[in-house]
Structure formats: C-alpha cells, structure tokens
Amino acid sequence: RVEADHPYNVHIGHQVFSLFTKDYHGLLSSADRIVVVADAQVAKLHLEYLLGYLREFDVRVLTIPAGEQAKSVETFMDCHTFLLSEGCSRKSLLLAFGGGATGDVAGFVASTFMRGIPYIQLPTTILAHDSAVGGKTAINHKLGKNMIGTFYQPEAVLYDIQLLRTLPADEVRSGMAEVVKHAFISNESWLLELLEIDELGTMADGEIMAHLEKGIAVKAAIVEEDEFESGVRKYLNFGHTLAHALEGHFGYGRITHGEAVALGMAYALHLSNHARLNEFLVWCRKNSYPLEKLQEVSFEEILPFMKKDKKSSEGALSFVLLEKTGTPFLETIEEKRAEAAYLELCSMLG
Ligand code: NAD
Ligand code: ZN
C-alpha cells in the first residue's frame, strides 16, 4: 500500500488481473466507460490475455506507439480524441497497459481529461516497478524529457509478473538498474544479493518478484515521505544526473534509461568514493551494460546536458552521492572535480 495524498495498493504476482472481478469490481462496474491505453508492442503480445480478465465489462482499446515515442503531444491529443469520441465522462476509467512510457502518458491523460479521471496502472516492464509507483506523469517537450506533466496517483497498480517474460534483454538490464539503484540508496545486504546475479536473463519469476517488491517498498516509502519532491524524493535521482546527460547525448533509443542509469551510478559511486565501485563495474560487465559508451563521449559533450539537470543550479553540478550504501545525500560539485572524476572513471574501464 502506498500512503500518498491518495492512497492505493500495489498488487504484484501471478494472475493479479483477476482482481478486476474481486477487489476492483466496484470501481470497474461503476465506470461508465473503461478505456485501455496500450503500448502497441505490449498489445501485440498480451492484449488478448488482458481482455480475457475483462470479459464482463464493455472495454474500448486505444493502441499507442510502443515505448518512448508515445510520450508526445500528438499521442496525448490522440488519447483525448479517443476518450471524447467514445463518449467518456468524468465517470470513466482508464487502464494504462505497458511500460513506464505508457504509464507516464496515460497517467497524464487521466490527470487532464475533464480535469481528472481515475486510472489503474498495469505495468509490463521491470523498470515500471519504479515508474508505476509515485504518481509522476509526463510527456516530453522537444526541449526536454518529462517537461510537461503532473503528480497524479492511480487507483491501483496491478503488476502481473508473467508479462515480463517477453521483455527483451536490454529492457531487463534497464529495469534491473533501477532495482539496483533502490538497493544502493537503501540496503547493503540486498545490494550484495543483487550484485551476485551473473546473468539477469536467467532470473526465475520468484526472484524477480522478490526484488521488485523490495524496490517498490523503497520507492513507496520515499514517496510517502515526500510526495511532491521537495526533499528526500530527490535521492531517487541517484545515478540520474549523468544518465539524463547520456540519454540526451546519444538520443533516446540508442541507450535505454536504465542502462544510462547504471553508467550514471558508476560515476556517482566514484564521486562518492564508494567501496563497492569495483564490484559494481564487474557486475555491469557480466550483465553487458554498455560501459564503453562512457569512453565514446567526452566530458565537454555531456557537460551542457548535466547543467540542464533539474537539480543543478547556476554554474555548479548537483549529484546524489552516497556516504555509504543506504545513506544518500545531495552534493554540489565543481566542474573541474567532476571532469577529473569522469576521466578517472573512463581510465578505470581500460
Ligand atoms: P518503455 O515503456 O519505453 O518500454 C520499453 C520497450 O519495451 C518498449 O518498446 C515497449 O514496447 C516494450 N515492452 C514493454 N513491455 C513489454 C513486454 N512485457 N514484453 C515485450 N516488450 C515490452 O520503457 P520503460 O523502461 O518501462 O519506461 C521508461 C519510461 O519510464 C521513460 O519514459 C521514463 O521517463 C519513465 N519513468 C517514469 C518514472 C515516473 O516516476 N513516472 C520513473 C522512471 C521512469
Ligand atoms: Zn530512472
């Protein structure tokens, strides 16, 4: 359960969609329209499976572009057009079916359609353990990612673990980096457990589920303390100052968000003088995180992107660092020191 301004439950496991006809039967049956907003790729693989659980309801489906492409003004407007032409009202319910991108745009649509209608998150990626909890919604502006959005909590999150089996390897890597981030900012023994995984692709459902539950608990606890990001919620940005810069430099699609976060965490660990940096680099190599991308881009090239980071103010760079595992803090770092650390990290990569 997430105790936000608007509390809700996160259900994770097998067959959680059966809750549509149990815990959430009232919510679904009292909606005058139910609209599924589905990622195109996810719809291809899993829409029939989802609709199998919704047979007793009159459900309309809108398919949106797969992945990050969907976080656009065009898709946002297409969703509103669909809702209006299907006769939706303030009593309608939206189901967001896909990864973080779908959740972000569908959540934004839910928060703005007729000033807000209820929605349920049905996440289908590992990364979405992060994005589906916390109520941040957004689309991208051409001048910056996630620049247009709201804080808007869902009615529930139903996370069917079985759907993760079709995730491509780079998306598994992407999601597990955010899991590792949650461990770094919270719990050393859990972190060590994660760093023992030699091949992310071979994790069993039960193992994935246990890690996702822990990650969600960390995220939920932080969001409960600071729903609107005035304090501790910033710690969730561990690894993200450089990650956003790398995503900006390489362009979305050439590196996944979580892969960029893994590289960003390596940098933040180095800036923190953290004892686990070497172990983390070994883990990244074993699991094929694209560490070599750090050597493909110079500090000068990424500096302007890091300066644009929401946390950074005039002239100085702002990072979330770790005093030790589980103890994050915000630090302002001079450009010179940041550059030296970047070069050192690149040389450690050989
Ligand atoms: P995504 O939604 O872009 O999905 C990644 C790819 O995987 C897409 O091509 C999608 O079609 C495919 N896919 C999704 N589920 C699948 C499945 N089960 N089987 C096969 N393919 C599948 O990526 P993501 O990593 O889930 O989310 C990234 C987005 O989340 C970013 O836009 C980021 O800004 C956002 N995000 C938001 C928050 C938040 O708090 N709101 C937090 C973290 C990230
Ligand atoms: Zn992230």
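Values quoted throughout were computed directly from the atomic coordinates according to the rules given, and no laboratory measurement underlies them. Note that the coordinates shown come from a computational prediction; the quantities given were computed from them, not determined experimentally. Positions of Cβ are backbone-derived with ideal geometry, glycine not excepted, and every protein chain shown enters the neighbour counts.
Rounded to the nearest 0.05, what FRET efficiency do THR327 and GLU229 give with R0 = 22 Å and r taken as the Cβ-Cβ distance? Could you check?
Working: r = 19 Å, r/R0 = 0.88.
For R0 = 22 Å, the calculated efficiency reads 0.70.
Using the 10 angstrom Cβ neighbour count as an exposure proxy, how do VAL73, VAL172, VAL232, VAL109 rank, fewest first? Spell out each step's value before the answer.
Numbers: VAL73 13, VAL172 21, VAL232 16, VAL109 28.
Ranking VAL73, VAL172, VAL232, VAL109 by Cβ neighbours within 10 Å, fewest first, gives VAL73, VAL232, VAL172, VAL109.
Between HIS141 and ASP205, what's the calculated FRET efficiency when r is the beta-carbon distance and R0 is 30 Å? Round to 0.05.
Working: r = 38 Å, r/R0 = 1.26.
Approximately 0.20, to the nearest 0.05.
Determine, from the Cβ-Cβ distance of LEU27 and ILE148 and an R0 of 22 Å, the FRET efficiency 1/(1 + (r/R0)^6), rounded to the nearest 0.05. It would help to have the intermediate numbers written out before the result.
Values: r = 28 Å, r/R0 = 1.26.
Calculated value: 0.20.
To the nearest 500 deg cm²/dmol, what mean residue ellipticity at 222 nm is calculated for the chain from DSSP H runs of n ≥ 4 alone, each contributing -39,500 (n - 2.57), summed and divided by the residues? Write down the numbers at each step before the final one.
Values: 14 runs with 157 residues, N = 350.
Value at 222 nm, helices only, nearest 500: -13500 deg cm²/dmol.
Stretched out fully, how many nm does the piece from GLU196 to GLU335 gain, at 0.36 nm a residue minus the Cα gap? List each step's numbers first, then the result.
Details: separation 139, 0.36 × 139 = 50.04 nm, distance 3.43 nm.
Once the chain is fully extended between GLU196 and GLU335, it gains 46.6 nm.
What nm distance separates the two modelled labels at GLU213 and LEU51, each placed 7 Å from Cα along Cα→Cβ?
3.3
Have a look at the DSSP beta bridges in the chain and tell me what percent are antiparallel, nearest 5. Kindly include the intermediate steps, with their values, before the conclusion.
Numbers: 13 of 37 bridges.
So the antiparallel bridges amount to about 35 percent of the total.
Using 0.36 nm per residue of separation minus the Cα-Cα distance, give me the extension gain between LEU84 and ALA275 in nm, one decimal.
Working: separation 191, 0.36 × 191 = 68.76 nm, distance 5.50 nm.
Extra length available between LEU84 and ALA275 comes to 63.3 nm.
Would you list, by chain and number, the aspartates and glutamates whose Cα falls below 20 Å from the Cα of LYS307, excluding same-chain residues fewer than 8 positions away?
In chain and number order, the partners are GLU229, GLU247, GLU296, GLU331, GLU334, GLU335, GLU339.
Starting from the Cα of LYS44, step 7 Å along the direction of its Cβ; do the same at MET348; then give the gap between the two resulting points in nm.
Roughly 4.0 nm, to one decimal.
Could you give the distance between the Cα centres of the stretch 14-52 and the stretch 265-335, to the whole Å?
39
Just the number, please: percent antiparallel of the DSSP beta bridges in the stretch 9-166, rounded to the nearest 5. Write out the running numbers ahead of the final one.
On the way: 5 of 28 bridges.
For the stretch 9-166, the DSSP antiparallel bridge percentage is about 20.
Is there a pair in LYS181/LYS286; LYS44/LYS145; LYS219/LYS336 whose C-alpha atoms are over 21 Å apart, and which pairs would that be? Don't skip to the end; give the middle numbers.
On the way: LYS181/LYS286 17 Å; LYS44/LYS145 27 Å; LYS219/LYS336 33 Å.
Beyond 21 Å: LYS44/LYS145; LYS219/LYS336.
In the chain, with Lys and Arg counted as +1 and Asp and Glu as -1 at Cβ, which of these residues, LEU195, SER174, THR150, has the Cα nearest the positive end of the dipole, that is, farthest along it?
So the residue we want is THR150.
Any idea which of ALA31, GLY103, PHE17 is furthest toward the positive side of the dipole for the stretch 9-166, if Lys and Arg beta-carbons carry +1 and Asp and Glu beta-carbons -1?
Positive-most Cα among the choices belongs to GLY103.
What percentages, rounded to whole numbers, describe P(r) for the chain computed over all alpha carbon pairs with 10 Å bin width beginning at zero?
Over the chain, the share of Cα pairs per 10 Å bin runs 5, 26, 34, 23, 9, 2, 0 percent.
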